[in-house]
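Let me begin by presenting the structure, written as structure tokens, before commenting on it.
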Amino acid sequence: MYVAKIKRSKFFQIIYFVDGRRKTHSTKTSDRKEALKVLENFKASLNNPVQEIVHQLPIEVSLLLSNFRDEYLEYVHPAKSKKYVESIFYSFKQFMFFCGNIPLNKIETKIVDKFINSTFIRTQRGAHHYYRTLKAAFNKAVAWNYISVNPFTKIKFPKLSKSFPVFISEDELLIIVTNTPYQYLKDIFTVGFYTGLRLGELINMKWNWIDFFQNHITVKCSDDFITKSKKERIVPMSEKVKTILINRFNLAVHQPGEVVFYRIKGRKLHQETISKQFKDSVRKSNLNEKIHFHSLRHSFASLLAQKGVSLYIIKELLGHEDLATTQIYSHLQQQNLRDAVDRM
């Protein structure tokens, strides 16, 4: 039993089950703290037989995997990004394709083990993502008393092969830009390289993010865009980036809330389209096939690391939550470390 918001109401709803049937009860409030108080009172108002039915649900009645998926997606939707919610849905889709739409209490460790291993053969990263996503979901199934044990916690995930991220040099960026047909794409690729901004951040960048006097970009959260970390951050502008943005600003009269990069003024670009167009430019340049748009972000960090910039500073510029994520660039600082020791 828990509280969650649903599309058809502005109030938090109490979600609970009786005889395996999902029921809702309005808390009559849009404040989460108040809703939780209503939940406690609601629990107390239930008579013992109903409470017993709710708590015995995992034993007597088991939800189908698809029903649990829908319930879980509804639960995480307010707190997670659209892209992450879609990745959860896809993880469930792959798992259900493997084992079918079976009841939760029929999902054994052996089924999970076979699913992860068969997926790992095809795609190691994909298998790892499914494992983490579904493990978190089934932890919630345990918390909701649908199952007593999470079958994903009983298997050991195979070790991932580690490889350094692919990055490009400034000369290679120039080649890619030369083989790019449209100016707005040239601008996006270049700004991506010299700021380390994610593609989603670039296509959602608005003029009110940019401070030409302080020479920085503030990556902002809004109703229509939330950063991956759900935090805002400031990224300084180099002269190259500032020149590109000033040139774009001078193209037409802009409102503060309008996007910076566009093909048609006022219309937001699509990530998939930009990624594909970048890949086309890479192929025309006869460069490494492994280079993709996210490589621009890796290139920004790699360039800083090679110039001796602290990993802590790189972490802040990239907006990483954990320094461990930034550590993948530490190998690029080995020469700097050797130079430091040689000075002794």
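All of the numbers you see were taken from the coordinates with simple rules; none came from a lab. Computed from a predicted model, the values in this text were never measured in an experiment. Backbone-built Cβ (ideal geometry, glycine too); neighbour counts: all protein chains shown.
A few notes on this one:
- Checking every one of the GluC sites (Glu not before Pro) in the stretch 248-317 against DSSP loop status and a limit of 10 other Cβ atoms within 10 Å picks out GLU289.
- Helix axis angle, 109-122 relative to the chain longest principal axis, alpha carbon, degrees: 20
- Projecting the Cα atoms of VAL85, ALA141, GLN124 onto the charge dipole of the stretch 63-161 (Cβ charges, centred on the Cα centre) puts GLN124 farthest toward the positive pole.
- Length available on full extension from ASN247 to HIS294: 0.36 nm per residue minus the Cα-Cα distance, which gives 14.5 nm.
- Using a simple spin-label model with pseudo-atoms 7 Å out from Cα toward Cβ, LYS230 and SER30 lie 1.9 nm apart.
- Förster-model FRET efficiency, 25 Å R0, LYS37 and VAL76, C-beta, rounded to 0.05: 0.65
- With respect to the chain, whose longest principal axis is taken over its alpha-carbon atoms, helix 82-99 is tilted by about 60°.
- For the stretch 63-161: rounded, prolate or oblate by the Cα gyration tensor [a/c cutoff 1.5]: oblate
- TRP207-ILE6 pseudo-label distance in nm [points 7 Å out on the Cα-to-Cβ vector]: 4.4
- Compared with the dominant principal axis of the Cα atoms in the chain, helix 294-306 is inclined by about 60°.
- The stretch 85-168, relative contact order [Cα under 8 Å, separation at least 6], %: 31
- Each residue, GLN124 and PHE89, gets one label point 7 Å from its Cα in the Cβ direction; the gap between the two is 3.1 nm.
- Chymotrypsin sites (Phe, Trp or Tyr not before Pro) within the stretch 145-218: DSSP coil, no more than 16 neighbouring Cβ in 10 Å: TYR182, PHE212, PHE213
- Size of electric dipole in the chain: Cβ of Lys, Arg +1 and of Asp, Glu -1, about Cα centre, debye, nearest 20: 520
- Relative contact order, whole percent, for the chain stands at 13, derived from Cα pairs under 8 Å and 6 or more residues apart.
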